[in-house]
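K.L.:
Handing you this structure, nothing more for now.
Since every read-out is calculated from the coordinates, none of them should be taken as a lab result. Predicted model, so just to flag it, every value in this text is computed and none were measured. Counting neighbours? That spans all protein chains shown, and the Cβs are built from the backbone with ideal geometry, glycine included.
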Amino acid sequence: MSNFPHIKFGRCERCGRTGLEDGEKLSGYELTYYQGQWLGQLCINELEDIAVDDIKRERLIEEEAFRESAGFTK
């Protein structure tokens, strides 16, 4: 059993990236359990970027709604 149960090696469940077979040993990407899936760091970064973009988009919408309700125009 691994000392880090939230980390394993293998195939990313989101994109399918995997390591190469090296003789008798199978190597793979380091995966982290993230949002219910075993994902590689690239996919985790993409999902975090999407989340940040969504937050920024929501803030812009809220700010625009506030400006309109306060009577500000561009």
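K.L.:
Taking θ = phi - 60°, what integer Hz values does the Karplus form 6.51 cos²θ - 1.76 cosθ + 1.60 yield along the stretch 58-63, in sequence order, with x for Gly and Pro?
P.N.:
4, 5, 4, 5, 5, 5
K.L.:
Excluding TRP38 itself, what net charge comes from residues whose Cβ is under 12 Å from its Cβ, given Lys and Arg +1 and Asp and Glu -1?
P.N.:
Neighbourhood net charge equals +2.
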